[in-house]
Amino acid sequence: MGQDKNAGNTGDQLKHSLTAEVLMSCLDWPTITYAETHAGAGCFDAQAQSNEGKTHITELKGRVASQEANERQDAGGRYHELLASWWSQTGNESMYPGSVVQSAIILDKRKERPRPDFRVTEACPDTCERLKNSLSEFGVSPVNDGFQNRIEWLTENDNLVLIIDPYALTERGKLDKGQVDLTQLSNVLDRCWQKSACVVGFWYSTPQGTSTETKAARQNAIKSWAESNDAVTRSFGYWIYDMIWLGIGEGKAAVNAIPHKTAWKKSWLSRIVKEKGI
């Protein structure tokens with residue numbers, strides 16, 4: 001499957017709209033590190049996507065263009081503003097920015113504060129090269145390696161926003177294929193609980209047919225970890241896609257600041273961003 005095939009789909013819209021809300025709440029942190037485990041290609045081409053029989057980017061661009069300019073405080077407004085600005089720039093007309101590029105754009109608003117530290121990994125050499133080219137204007141250098149080899153580096157700093165983005169959560173521990181099991185997730189989170197400010201966003205897709213027991217085990221584990229470590233959790237989902245946010249220390253405020261379900265119901269993303277219990 002090509003890198004471009006799923007870009008801008010409903011899973012991306014869920015992930016990226018929520019990440020924009022979180023990052024905007026972290027702009028005043030004294031320092032900030034943005035880390036991501038599966039960074040992808042950085043930018044994705046609508047034409048390449050069309051060649052694979054998909055039109056997610058083109059459809060999303062049309063939806064953004066058809067919306068009235070959202071007020072900054074409205075749910076989904078920050079994501080809308082980012083995309084509208086991106087697509088108005090020469091050369092971006094057919095491209096969709098991935099999560100690291102979107103985060104670089106948002107964090108560039110920290111004008112007078114220390115530059116953010118980006119720590120992102122991508123295991124595929126060709127994909128990582130695309131990512132490097134996409135991030136060159138921001139001075140960000142991704143690392144071509146599997147996240148499982150760089151956990152200490154990814155989680156080293158305080159004032160951390162960490163995005164864990166596997167293809168699917170599995171109990172089989174197939175880390176060589178980029179998957180994350182609960183044991184590995186626990187290992188990552190153990191390095192975060194004592195930070196003074198940390199937000200962890202965990203995005204995953206659940207293949208259709210996944211047992212209720214597997215789903216419950218995952219939810220119960222994350223809920224138990226959060227309760228044991230005085231973290232706040234919020235969960236959002238659409239169809240097979242879910243995103244759970246953990247707020248630790250000062251990061252609790254950023255998670256609590258994500259608009260709540262009543263605001264999303266009025267949003268242009270109301271069909272996609274639905275808050276759930278955990």
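Nothing in this text is a laboratory measurement; each read-out follows from the coordinates by a stated rule. None of these values were measured; they are calculated from a predicted model. All Cβ positions, even for glycine, are placed from backbone atoms using ideal geometry, and neighbour counts span all protein chains on display.
Worth pointing out:
- Relative contact order %, the chain, counting alpha carbon pairs below 8 Å whose residues are six or more apart: 23 percent
- Per-residue ³J(HN,Hα) for region 36-48, Karplus 6.51 cos²θ - 1.76 cosθ + 1.60, θ = phi - 60°, Hz, x for Gly and Pro: 9, 7, 9, 6, x, 8, x, 10, 10, 9, 4, 5, 4
- Rounded to the nearest Hz, the phi-derived 3J(HN,Hα) couplings of region 251-262 under the Karplus curve 6.51 cos²θ - 1.76 cosθ + 1.60 (θ = phi - 60°) are x, 4, 5, 5, 6, 5, 7, 4, x, 8, 4, 5, where x marks glycine and proline.
- FRET E, pair residue 153, residue 28, Förster distance 35 Å, beta-carbon r, rounded to 0.05: 0.90
- Length gained when the stretch residue 92-residue 253 is fully extended (0.36 nm per residue, less Cα-Cα span): 54.6 nm
- Rounded FRET efficiency, nearest 0.05, which uses the C-beta distance separating residue 65 from residue 276 and R0 of 30 Å: 0.50
- When the square roots of the Cα gyration tensor eigenvalues are ordered a ≥ b ≥ c, the ratio a/c for region 47-170 is 1.5 or more and a/b does not exceed b/c, which makes its shape oblate.
- Antiparallel DSSP beta bridges within the chain, percent to nearest 5: 60 percent
- Listed peptides 220-229, 90-99, 206-215 appear in the order 90-99, 220-229, 206-215 once ranked by packing, highest mean of other Cβ atoms within 10 Å at the front.
- Ellipticity estimate at 222 nm from DSSP helix runs (n ≥ 4, -39,500 (n - 2.57)) divided over the chain, nearest 500: -11000 deg cm²/dmol
- Label of the coordinate-derived value, Cα extents along the principal axes in Å, listed as (1) 48, 38, 37; (2) 46, 45, 39; (3) 64, 64, 48: (1)
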